[in-house]
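Down below is the structure, laid out as structure tokens.
The values are calculated or read from the model by the stated rules, or taken from the named source; none is laboratory data. Quantities reported herein were computed from a predicted structural model and do not represent experimental measurements. All Cβ positions, glycine included, derive from the backbone under ideal geometry; neighbour counts span all protein chains shown.
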Ligand code: FPP
């Protein structure tokens with residue numbers, strides 16, 4: 001319904017999603033929180049399929065933050081099973097549809113079985129040039145920026161760069177995935193209006209879309225509504241409205 005009003009020539013190139021509200025969704029139904037995470041996988045399936053069908057180029061999902069390690073062990077264990085649940089059905093689908101799976105975050109901290117699942121998905125889709133689907137796992141944006149600074153200093157030690165050669169573009173090449181474009185649209189479900197250490201570098205000019213919907217209820221129509229909201233915004237990148245519209249003096 002909404003889809004017909006979406007302008008294909010003005011799609012956000014990169015949509016990033018903070019998938020919040022799984023726990024509350026479950027608690028409201030008298031279910032354990034972990035059931036909310038399982039239901040969240042269904043929302044991930046629906047949303048990634050819809051994004052691909054709409055023609056979105058990049059989608060990044062905040063699947064597990066560096067702060068999430070502090071949750072009860074049982075909950076962490078369930079969260080660590082979700083990639084397997086997702087790829088059980090979606091890896092074939094990704095391969096068939098030219099989707100490339102990528103990861104950001106401190107992947108080496110994940111249990112071996114998660115590293116295997118993600119590594120396999122990344123490897124089997126390496127040459128795909130359609131939608132780029134990025135899983136942020138054990139991810140925190142400050143940590144990513146600190147890691148980038150470390151890599152940069154190592155290159156400096158080896159004489160590969162000088163302080164004056166560092167600018168925004170060359171610094172970004174040290175981030176977890178140098179090819180990750182700036183985020184155009186950041187969606188957060190679950191009713192909170194904050195960015196929670198997600199892609200701080202990449203969201204510099206993003207349009208933010210917050211919804212009260214709990215993540216397990218998120219479906220194609222909600223993605224379409226967020227994109228329509230985005231398409232209704234005027235993106236100025238620091239310019240005046242007149243400059244954007246080409247009628248400045
Ligand atoms: C926040 O909800 C959500 C998470 C910590 C996990 C997000 C992960 C998924 C939705 C599934 C990931 C899927 C794959 C394929 C890896 P919350 O538990 O903080 O909810 P609450 O704020 O209601 O407590």
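Is at least one residue of segment 37-44 more than 8 Å from the ligand (Cβ to nearest atom), free of Cβ contacts under 8 Å to residues at least 40 places away in the same chain and more than 17 Å from residue 131 (Cβ to Cβ)? Step through it out loud before you land on a result.
Filtering segment 37-44 for residues more than 8 Å from the ligand (Cβ to nearest atom) gives 38-39, 42.
Remaining after also requiring free of Cβ contacts under 8 Å to residues at least 40 places away in the same chain: none.
Within segment 37-44 (the criterion being more than 8 Å from the ligand (Cβ to nearest atom), free of Cβ contacts under 8 Å to residues at least 40 places away in the same chain and more than 17 Å from residue 131 (Cβ to Cβ)), the answer is no, since none of the residues qualifies.
Evaluate segment 16-33: report whether one residue or more is surrounded by 17 or more Cβ atoms within 10 Å (Cβ to Cβ), in contact (Cβ under 8 Å) with a residue 12 or more places away in the chain and away from the ligand (no atom under 11 Å from the Cβ).
The answer is yes; a qualifying residue exists.
Could you tell me which residue of segment 149-183 is farthest from the ligand (Cβ to nearest atom), considering only residues that are in contact with a helix residue (DSSP H, G or I) (Cβ under 7 Å, 6 or more places away or on another chain) and within 19 Å of residue 62 (Cα to Cα)?
Among residues in segment 149-183 that are in contact with a helix residue (DSSP H, G or I) (Cβ under 7 Å, 6 or more places away or on another chain) and within 19 Å of residue 62 (Cα to Cα), the one farthest from the ligand (Cβ to nearest atom) is 178.
Out of curiosity, is residue 94 more than 9 Å from the ligand (Cβ to nearest atom), crowded, with 20+ Cβ neighbours inside 10 Å and at pLDDT 95 or above?
yes
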